[in-house]
Amino acid sequence: DFDVSLPQLSNDELGELSHSIQTLANDLNRMKSERNEFLASVAHELSTPLTYIIGYSKVAMRDELDKQEREKYLAIIAEESNRLKVLVKNLLDLAKMDENSFTVTKERFPIKPFLEKLYSLVVPSYELKNIRLTLECKNDFEVEADPTRLEQIILNLLDNALKYSKENGQVILQAFQNEHKTIIKVIDAGIGIAQEEANRIFEKLYRVEKSRSREFGGSGLGLAIVKELVDAHDGTIHVESELGKGSTFTISI
Ligand code: ADP
């Protein structure tokens, strides 16, 4: 025999229970609408490049085009396909992170040669845009992190700093130790982010000024991935920014 009677609850306890159930129901509803919103954004992000690809492939097939014109349309198709590829890769990365099925394997390694390597990797793309990149790392010290993940974090930030820099701008990659933490800063003098937007840029698919994002490229997933990777290191990331003046992203791990 089962006893299915509920324990005797006082009115206070019943009130508390009903309050908890209500809170849970609200949370579930919020999660549901967030998920729907996310799916709608993903569908939108996927359909925009597809529209270009379909449209331009029809144009590129026209008989009357000369070689140069055809190449121009094929280049757009290639670029949009690449945009799709990056988007899908980022989505898969995020899905893995949500499942906790990606691993962070920490090791201790000296920061200076690590940053110097990243510096020489990105400096050519900076030079192409006439943006000066400076590495500031006075003392070498050891950092405990997953080198592949930390590289992904910093490359993402440097990529954004370049993308949102103004002509002849300058970007600083800085690293130092504070108590037992490693602080890494990426400082740019670019277009900046308004205060009310700054809190939201780490959300998935959030982009400031959606209309301008085609000009800059990107998927609005980079910083969401960065945030997940920093969290997986039990670290923190924050941004200080002023519209028109520039942004500073600070990681502490
Ligand atoms: P995206 O791929 O669009 O760059 P991110 O997730 O990397 O996506 O960034 C989200 C949004 O935050 C960007 O669309 C951009 O508006 C803003 N942002 C990110 N980094 C910077 C920066 N260094 N300066 C100005 N705006 C930035």
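Table for the structure above
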item	result
Long-range neighbours under 8 Å by Cβ, at least six apart or interchain, first residue over 17 Å from F102 (Cβ atoms) and open to solvent by less than 30 Å² (accessible area, probe 1.4 Å) within the stretch 227-241, second among the aromatic types (F, W, Y) and within 12 Å of the ligand (Cβ to nearest atom)	I237/F202; I237/F249; V239/F249
Every pair of residues 6+ apart whose Cβ atoms lie under 9 Å, when the first sits in the stretch 5-32 and is open to solvent by less than 80 Å² (accessible area, probe 1.4 Å) while the second is part of a helix (DSSP H, G or I)	L9/E16; L9/L17
When residues of the stretch 184-193 are limited to those that are over 17 Å from the mean Cα position of the chain (by Cα) and open to solvent by 20 Å² or more (accessible area, probe 1.4 Å), the one farthest from the ligand (Cβ to nearest atom)	A189
Qualifying strands (runs of 3 or more DSSP E) (wholly inside the stretch 56-170; at least 2 residues being of a type in the set (A, V, I, L, M, F, W, C), more than 16 Å from the ligand (Cβ to nearest atom) and open to solvent by less than 40 Å² (accessible area, probe 1.4 Å))	142-145
Qualifying residues in the stretch 197-238 (those that are near the ligand (Cβ under 6 Å from one of its atoms) and on the phi > 0 side of the Ramachandran plot) - the one modelled with the highest pLDDT	G220
All positions within the stretch 49-74 that are within 23 Å of V88 (Cα to Cα) and either touching a residue at least 40 places away in the same chain (Cβ under 8 Å) or hydrophobic (A, V, I, L, M, F, W, C) (or both)	L50, I53, I54, L74
Residue match in the stretch 87-96 (condition: of a type in the set (G, A, S) and closer than 28 Å to S47 by Cβ)	yes
All positions within the stretch 144-159 that are closer than 19 Å to S120 by Cβ and not acidic (D, E)	P147, T148, L150, Q152, I153, I154, L155, N156, L157, L158
Some residue of the stretch 118-125 being at pLDDT 90 or above, more than 30 Å from L173 (Cα to Cα) and small (G, A, S)	no
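The values are calculated or read from the model by the stated rules, or taken from the named source; none is laboratory data. All values derive from a computational prediction rather than experimental measurement. Reconstructed Cβ throughout: ideal geometry from the backbone, glycine too, with neighbour counts over all protein chains shown. Keep in mind that these areas ignore ligands, DNA and RNA; they rest on the heavy atoms of the full protein, side chains included. Shrake-Rupley method; radii C 1.70, N 1.55, O 1.52, S 1.80 Å.
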